[in-house]
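Asker: What follows is a structure written as structure tokens; I'll ask about it next.
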Amino acid sequence: MNPENILEIKDLKVKFPVTGGLFLRKVAEVKAVDGVSFNLKKGETLGLVGESGCGKSTIGKAVINILKFSSHDVEIDGEIWMKTETGEIDLNKLSRSEMRKHRGNIQMIFQDPYSSLNARMSVGQIIEEPLLYHTNMNKKEREERVAWLLEKVGLQAEQSKRYPHEFSGGQRQRIGIARALSTNPKIIIADEPVSALDVSIQAQVINLLQDLQEEFDLSLLFIAHDLSVVEHISSRIAVMYLGNFCEVGDGYRIYHHPIHPYSKALLSAVPLPNPKLKNKERIILTGDVPTPMNKPSGCGFRTRCPIAKPECADFIPPLEEKEPGHFAACPYVSA
Amino acid sequence: MTTYFIRRFLLIIPTFLGITLVTFLILQIVPGGPLEMELMKIRMGGSDGVSESGSTSGSTQNIPQSAIEELQKFYGFDKPIHERYILWLGNLLKLDLGKSYVYSEPVMDVITSRFPISIYFGLIGFILTYIVCIPLGVYKAVKNGSKFDFITSALVFAGYAIPGFAFGALMLVLFGGGSFWDVFPLGGFRSSDYETLSLSGKIWDQIHHTILPVASYMIGSFATLTILTKNSVIENLSQDYIRTAFSKGLTEKRVIFGHALRNSLIPISTGLGHAISLVLAGSILIEKVFNINGIGLLSYDSIIQRDYPVVMGILVISTLLLLVGNILSDILYAIVDPRIRFK
Amino acid sequence: MHKKLVEIKNLKTYFFVEDTEKQKSLHQEISDPALMDLYKTDKYLKNKVPAKAVDDVSFDIYEGEVLGIVGESGSGKSVTAYSITRLIPDPPGKIVSGEIIFKGKDLLKISFEEMKKYRGNEISMIFQEPMTSLNPVMKIGDQIMEAILNHEEIPKEKAEKKAIEMLTLVGIPSPEKRLKDYPHQFSGGMRQRVMIAMALALHPSLLIADEPTTALDVTIQAQILELMLRLKKEREDSAILLITHNLGVVAETCDRVIVMYGGKIQEISEVDPLFEKPLHPYTVGLLSSLPNPDLPMEELKAIPGNIPHILELPKACKFNTRCTKAFDKCFETEPELLEVEKNRFVRCHLYENEK
Ligand SMILES: Nc1ncnc2c1ncn2[C@@H]1O[C@H](COP(=O)(O)OP(=O)(O)OP(=O)(O)O)[C@@H](O)[C@H]1O
Ligand SMILES: Nc1ncnc2c1ncn2[C@@H]1O[C@H](COP(=O)(O)OP(=O)(O)O)[C@@H](O)[C@H]1O
Ligand code: SF4
Ligand code: SF4
Ligand SMILES: [Mg+2]
Ligand SMILES: [Mg+2]
């Protein structure tokens, strides 16, 4: 592994089987993630954007290795290298019990602050739970850590006895963050952590995540569909479409000078809070995203691509470096 | 989806074999089988002199071995158990369910003679329940929280709490025969002089004999279906598409009957499939109270009297009906709800 | 400016919820005669307290404009919109008082029967959830035709032709075939197109769109917004009331904007000046909490605190628990909505002397 990186993903493929027929045999597969490679550098934030169903959450779940153990028919290929104190390990090769030992190093925050917390557990119990599995702390130490974490995320230690329904959406997301931080992880995967929140609360949570990242030197994989939020928080951005990366590179560069036709369309579709730009040239894509079950051959974007050529059906375009550190998966465009 | 239903039909076979095998084994293994009963009868009733001194607890010494063997042969107990099951199964394929020990008639005949009675009561109860409960449930949903809703809920739940047979017994005491009011007959399917009555007299006699038993059958199922309908309609009335329907300017009637009701009937219509097995099952206790010779009473009697061929026969029919009913439910489900596509 | 299409005056829509604790002190607090009357006449309201979802809201909608309502969740945007077509679920909701004058007629005074003639005909609605807003067991074509046949006495074939026409207009390919499909056979964006086709079939004067694109992806959102605006241009005198919490959508589609918080209008402005120089501290807070693409990584200026629960809203200025500019007076009296510039209204003590 490159010493800069804490996570290296190589050619990750995730396939969900589709069963059918008289004996329920596998008749097709959903290629939710179709050969994706990327690195997460130590202490950086990598933003992952794309439309719903393109495979963002699946990547997140594959990386923390909960997919394999929650739905047994799923096929996960590729390598997921993580750096730990004791060396480098491929998470995709671990068994469930081996994985449990490393779970403390890599944690996830979920989108829905309403359903991702167990309603029957008090906030203290929710945050304490990972400590029970991943540390040897005694009761008193655990209680102290819960109180400390609650204050870190902007809540009060006394609130540990209360239950999730007594909190607002933003506060619940803070509880989710405290739970993720409890075991001192090195890597956090945040799956749409602010999408369900109101603008003013969204800003609070983003600020909190950034502060905590700095304080604890976290590496963050930040999944979202709101490009301006991703651009704000990420140093690098990866744009995804139908299971593949279209473009990877510096966040500011991609936001202001996208290269791939899909990133261009995606960015131009984002409504900006500035009426002066009301009449800017807009690329309106036609049609819907195809379902990953009948993904077009060749370049996945070709059914909606404004500059598609007949050849685009014949090959899957690989990521090419178009300018230093800026990759795009289309041979017909340049920086 | 056709393949789904074909698969479901094929799955009936192993399920059916499993259920009958388990029941068969249990019946043969538990003590107090027909053979022992018969022997006991012989010992107790055979001659007073023998049984007085002998212990009645299962010793067979005072019955000659040859007689026992003959009995064993009669009941088919001379062969090992798996052979007996396979034999039974083979006969079943020929639609031969064996002979009843008690009635000495083919099981088929015993059961079919009871069918019409059970179907008569079951079907009438079933149809009446749906006719009353669905409109009642819809109306209660629309008037949710009103006095009418409250009172009918109280009534329906009171009915739910009273066991059907107890209700029947109470009704008989009050209205049957003549202790208080002589309004209804004490029981039976028809009057004994039924054949001699005129046509209108026959119809009246039949209705006369039907009201109390059917009311007892229905009283328990009322609550479930009414409340199911009500909740289903209420739930649907708060759905987004109802708001859309109102925003088109539709009348309340059109919204409820054109939109909410159709969706609410989805969970209810799936119950129809299961109902065919319920129609036949009858209720042992109600049949007993009203002295109706239906399937319920038959299965009760045949278990008590260890009439195993009849027990197995009823099991075969009710299992098949239940399994087919389940599939029927799913087919109905797929018909009423276009979103459902079984794989 | 164009003619007024709708005039909303002092609209109060409350939800009556059970709360035994607050109930005790309630009766001394009611000063509103309309509410007092309601409590006297309606037995249902016993031991319930009013949640003031929309509290004394007045604004106009002009012909030909796109008027936006923004605000965070629970601020009363949808309730305002549903009050216009009187689609407030009763119980628990009630329009307590006010006037909604549509083309010279007060919609709150007419009978329910008469109201139905307006819905779907003069005033149509599109909703946030395209996935659940269509009846799942009814064919798309039947749902569109139902909207048409409900108001126009034309033969079924003609209604079907019209439905096909509308589906073509909103860009559904091979509409003759799709007419026979059920909603689950459509994607979210296509269902929203169907909703639009249904809403516009009878050429309403007012289209109310409650978060029409919130559940959709950005590229689909762009398609739907473009479609709505294009169709509106075809009828000069019709208006759109667009409810959203996305300030980007407001900036790109609306002519005027209403900012709501705590059931009250806090600011009304034409769109350009609002984004250029927001006046109300809440509007300022909303705009500055958005990430600025030119200043990445910088701390966002979030509005502190949480949105108070509707029963816990402060008495005086509704925003005083979170306002960084609050001063003594803000905790004593509620500011009025004042016109501080031409066509610009603000409800805040800071601007009281400006006029
Ligand atoms: N059926 C109801 N019963 C009780 N309270 C309600 C009901 N509907 C709405 N409210 C309350 O009225 C207030 C305003 O609701 P409204 O739906 O108008 O908010 P909104 O601004 O549209 O928010 P969102 O952005 O979440 O759609 C909220 O506090 C809500 O809790
Ligand atoms: N457990 C699963 N079984 C089958 N398909 C799934 C499963 N989880 C996700 N998918 C499919 O994989 C694709 C990517 O899903 P997801 O990663 O959740 O998308 P995103 O997070 O980008 O919105 C979708 O088409 C989705 O339907
Ligand atoms: S490879 Fe072809 S279809 Fe794909 S983005 Fe490039 S031009 Fe478009
Ligand atoms: S009135 Fe006071 S508290 Fe309210 S917005 Fe203005 S300054 Fe802030
Ligand atoms: Mg996701
Ligand atoms: Mg709303």
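Asker: Top mean-square fluctuation among A:Lys161, A:Lys295, A:Lys278, Gaussian network model of chain A, C-alpha springs under 10 Å?
Answerer: Result for chain A, Cα springs under 10 Å: A:Lys278 fluctuates most.
Asker: I've got another one for you. From the phi of every residue in the stretch A:220-237, what ³J(HN,Hα) in whole Hz does the Karplus formula 6.51 cos²θ - 1.76 cosθ + 1.60 yield, where θ is phi - 60° and glycine or proline is x?
Answerer: 10, 9, 10, 9, 7, 10, 8, 5, 6, 5, 4, 4, 5, 9, 9, 7, 10, 10
Asker: Please compute the contact order of the stretch B:115-293 in relative form: average sequence separation of alpha-carbon pairs under 8 Å and at least six residues apart, divided by the residue count, as a percent.
Answerer: Contact order relative to length: 37 percent.
Asker: Only bridges whose two residues both fall in chain C count here: according to DSSP, what percent of them are antiparallel, nearest 5?
Answerer: Just about 65 percent of them are antiparallel.
Asker: Another question, then. Compute the acute angle (0 to 90°) between the alpha-carbon long axis of helix B:34-46 and the principal axis of greatest extent of the alpha-carbon atoms of chain B; round to the nearest 10°.
Answerer: 50
Asker: Here is a follow-up. Please say if the stretch B:194-253 is rounded, prolate or oblate, where rounded means a/c under 1.5 for a ≥ b ≥ c the square roots of the C-alpha gyration tensor eigenvalues, and otherwise the choice is prolate for a/b larger than b/c and oblate otherwise? Walk me through the numbers on the way to the answer.
Answerer: Working: a/c = 8.78, a/b = 2.74, b/c = 3.21.
Oblate is the answer for the stretch B:194-253, as a/c is 1.5 or above yet b/c matches or exceeds a/b.
Asker: Once both axes come from the Cα atoms, what is the angle between helix C:156-169 and the longest principal axis of chain C, in degrees from 0 to 90, rounded to 10?
Answerer: Its long axis makes an angle of about 60 degrees.
Asker: If you wrap a convex hull around the alpha carbons of the stretch B:134-240, what volume per residue comes out, as a whole number of Å³?
Answerer: 126
Asker: Based on alpha-carbon centroids, what's the gap between the stretch A:291-317 and the stretch C:31-94 in Å, whole number please?
Answerer: Centre-to-centre distance over Cα atoms comes out at 50 Å.
Asker: Using the crude model of +1 on Lys and Arg Cβ and -1 on Asp and Glu Cβ, and no other charge, please compute the dipole size for chain C relative to its Cα centre, in debye to 20. Walk me through the numbers on the way to the answer.
Answerer: On the way: 47 positive and 55 negative charges, 161 e Å.
Value, rounded to 20: 780 debye.
Asker: Averaging the inverse of every distinct alpha carbon separation and then flipping it gives the Kirkwood radius. What is it for chain A, in angstrom units? Walk me through the numbers on the way to the answer.
Answerer: Numbers: mean 1/r = 0.0472 Å⁻¹.
Mean inverse Cα-Cα distance, inverted, gives 21.2 Å.
Asker: Measure out, as a whole number of angstrom, how far apart the alpha-carbon centroids of the stretch C:152-196 and the stretch A:111-144 sit.
Answerer: Answer, in whole Å: 51.
Asker: Report the Cα centroid-to-centroid distance between the stretch A:190-240 and the stretch B:297-343 in angstrom, as an integer.
Answerer: A separation of 56 Å, based on Cα centres.
Asker: Then there is this: Springs between alpha-carbon atoms under 10 Å, Gaussian network over chain C: tell me which of C:Phe112, C:Phe275, C:Phe102 tops the mean-square fluctuations.
Answerer: C:Phe112
Asker: Report, for chain A, the % of DSSP beta bridges that are antiparallel, rounded to 5.
Answerer: 65
Asker: Quick one: angle between helix B:65-75 and the longest Cα principal axis of chain B, in degrees between 0 and 90, rounded to 10, please.
Answerer: 20
Asker: Among A:Glu141, A:Glu51, A:Glu75, which one shows the biggest mean-square fluctuation in a GNM of chain A, springs joining Cα atoms closer than 10 Å?
Answerer: A:Glu141
Asker: Of the lysine pairs in the stretch B:115-293, how many meet both conditions: Cα atoms under 29 Å apart, and a spacing of 8 or more in sequence or different chains?
Answerer: Number of lysine pairs found: 11.
Asker: Still on this model: Evaluate 2.2 N^0.38 Å with N set to the residue count of the protein assembly as shown, then give the Cα radius of gyration divided by it.
Answerer: So the Cα radius of gyration is 1.18 times the expected 2.2 N^0.38 Å.
Asker: Taking θ = phi - 60°, what integer Hz values does the Karplus form 6.51 cos²θ - 1.76 cosθ + 1.60 yield along the stretch B:231-239, in sequence order, with x for Gly and Pro?
Answerer: Ordered by residue, 3J(HN,Hα) equals 4, 5, 5, 4, 4, 5, 5, 9, 7 Hz.
Asker: Something else about it: If you restrict to DSSP beta bridges whose two residues both lie in the protein assembly as shown, what percentage is antiparallel, to the nearest 5? Working shown, then result.
Answerer: Numbers: 69 of 105 bridges.
If I count the DSSP bridges inside the protein assembly as shown, around 65 percent turn out antiparallel.
Asker: Can you give the longest stretch of chain B with no exposed loop site, where a site means chymotrypsin sites (Phe, Trp or Tyr not before Pro) in a DSSP loop (not H, G, I, E or B) with at most 11 other C-beta atoms within 10 Å?
Answerer: B:1-179
Asker: Would you please give the residues with an amide H less than 5 Å from that of A:Ala28, counting only those at least 5 places away or on a separate chain, with H modeled from the backbone geometry?
Answerer: A:Val18
Asker: Let me ask something additional. Testing the spin-label approximation: label points 7 Å from Cα along Cα→Cβ at C:Glu336 and A:Lys278. State their distance in nm.
Answerer: 3.1
Asker: Sticking with this one: I need the fraction of alpha carbon pairs in the stretch B:115-293 separated by more than 23 Å, rounded to a whole percent.
Answerer: Everything past 23 Å amounts to 51 percent.
Asker: Quick one: how many Å² of A:Ile76 are accessible to a 1.4 Å probe, rounded to 10?
Answerer: Per-residue accessible area (A:Ile76): approximately 30 Å².
The values are calculated or read from the model by the stated rules, or taken from the named source; none is laboratory data. This is a predicted model, so every value here is computed, not measured. FYI the Cβ positions are ideal-geometry reconstructions off the backbone, even for glycines, and counts take in every protein chain you see. Keep in mind that these areas ignore ligands, DNA and RNA; they rest on the heavy atoms of the full protein, side chains included. Shrake-Rupley method; radii C 1.70, N 1.55, O 1.52, S 1.80 Å.
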